[in-house]
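K.L.:
Before I ask anything, here is the structure I am working with.
The values are calculated or read from the model by the stated rules, or taken from the named source; none is laboratory data. All values derive from a computational prediction rather than experimental measurement. Cβ placement follows ideal geometry from the backbone for every residue including glycine, while neighbour counts extend to all protein chains displayed.
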Amino acid sequence: MTLFFKDVKRNNMQHDEEPLSERQSLELIAQMINKAKCDYQDTGVSTLLWGGVISFCSIVNFLGFEMHITGIENVWVLTIPAVVAQVYISIQERKRKKFKGHEDSIMGGIWMSFGISMFLLSFYTGKFTVPSPNAIFLIVYGVPTFAVGFSLRFTPMVIGGLACWVFAVATMYTPFPYSILYSAGAAQLAWFIPGLILRRRYLKAKRGNV
Amino acid sequence: MFKELDPILHSQLRLAVMSLLISVKEADFTFIREKTNATAGNLSVQVQKLKEAGYIEVVKEFKDNYPNTTCHITPVGIKAFEEYVKALQEYLKVGQPKQ
């Protein structure tokens, strides 16, 4: 097998009419599918960005309440530049990508619907007095995280999605402002830690492809 | 009786191209070239053969003011690829010593 692949590399697939044995054909198929799979790696940047931003805003918001700093809840405005950064990252990644995977449009649809839901939910909780709004946010956080993790068979995100829902229930029984800390925990488990894992995998795959 | 292996697919570079395209929705010509280590000329010839067989579709367009060629596998190509793999497995099954 190794000898065959060395031959492939040496010949640079120039001599196309060289006969292939059945085993070599199967090995070639497996090798090519694997090569495509190695490139089909999420960079992890978006997940890290959102995990970081939501954790940061939650912790600052909590500390602000604890230290009686007025207006600190405006820290959530940081999500606006994060959206701008996200759009920029998505455009750059799309430009750089030389292929489209089967799941790309599904994932795009999931995250886009999540973004729209979050925007509407922020508007709703700002306009009306809703009991335990953090619990609602956490329930919504869990939906795309679990869906993406489940469909891509990426266990850290499945755990992250489940954690969002567990934290949502916990939030309902925890007094404010301590309940805000659950948002930070959820952001870490749902996005930041999976983002770190994705990033490590991406860099490893990139090194392997050089 | 063994099925004859599809001569369009039973070739190193064409099989490599089809294996890549079966894994993705669509791929740029440069991506296929990088992954197969083939030269642009040779790859063009083999891509054309796959296109003529109806196994892939080739779209030429402009991306950021540069010409860009993308390829994607067709339903006919998917069926041919599946049958090819099935036939290969049949050959290998018979070739294996019985336990």
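K.L.:
Give the residue that is surrounded by the most Cβ atoms within 10 Å (Cβ to Cβ), with candidates limited to residues of the stretch A:123-162 that are among the small types (Gly, Ala, Ser) and part of a helix (DSSP H, G or I).
P.N.:
A:160
K.L.:
Let me ask something else. Applying the selection to the stretch B:31-43, what residues are more than 9 Å from chain A (Cβ to nearest Cβ) and surrounded by fewer than 15 Cβ atoms within 10 Å (Cβ to Cβ)?
P.N.:
Residues satisfying the conditions are B:40, B:41.
K.L.:
Inside the stretch B:1-53, counting only helices (runs of 4 or more DSSP H) that do not spill past its ends, which hold 2 or more residues that are more than 12 Å from the chain's Cα centre (by Cα) and under 19 Å from residue A:94 (Cβ atoms)?
P.N.:
Correct list: B:29-36.
K.L.:
Just one of A:70, A:47 is modelled with pLDDT of 85 or more, in a loop (DSSP other than H, G, I, E, B) and either touching a Gly at 6+ places or on another chain (Cβ under 9 Å) or under 19 Å from residue A:148 (Cα atoms) (or both); which is it?
P.N.:
The match here is A:70.
K.L.:
Could you check how many residues of the stretch A:86-113 are over 22 Å from residue A:161 (Cα atoms), under 15 Å from the mean Cα position of the chain (by Cα) and either touching a residue at least 60 places away in the same chain (Cβ under 8 Å) or surrounded by 14 or more Cβ atoms within 10 Å (Cβ to Cβ) (or both)?
P.N.:
Here the count works out to 2.
K.L.:
Can you name the number of the only condition in (1) out of contact with any helix residue (DSSP H, G or I) (no Cβ under 7 Å at 6 or more places or on another chain); (2) surrounded by 17 or more Cβ atoms within 10 Å (Cβ to Cβ) that residue B:50 fails?
P.N.:
(1)
K.L.:
Within the stretch B:64-74, is even one residue at the interface with chain A (Cβ under 8 Å from one of its Cβ atoms), out of contact with any Pro (no Cβ under 6 Å at 6 or more places or on another chain) and surrounded by 14 or more Cβ atoms within 10 Å (Cβ to Cβ)?
P.N.:
Scanning the stretch B:64-74 turns up no residue that is at the interface with chain A (Cβ under 8 Å from one of its Cβ atoms), out of contact with any Pro (no Cβ under 6 Å at 6 or more places or on another chain) and surrounded by 14 or more Cβ atoms within 10 Å (Cβ to Cβ).
K.L.:
For the subset of the stretch B:5-30 comprising residues that are surrounded by fewer than 20 Cβ atoms within 10 Å (Cβ to Cβ) and touching a residue at least 60 places away in the same chain (Cβ under 8 Å), which member is nearest to the other protein chains (Cβ to nearest Cβ)?
P.N.:
B:10
K.L.:
Next up: Collect the residues in the stretch A:164-182 that are within 19 Å of residue A:67 (Cα to Cα) and small (Gly, Ala, Ser), keeping them in residue-number order.
P.N.:
A:179
K.L.:
Yes or no: residue A:58 buried (at least 18 other Cβ atoms within 10 Å of the Cβ), more than 9 Å from chain B (Cβ to nearest Cβ) and at pLDDT 85 or above?
P.N.:
yes
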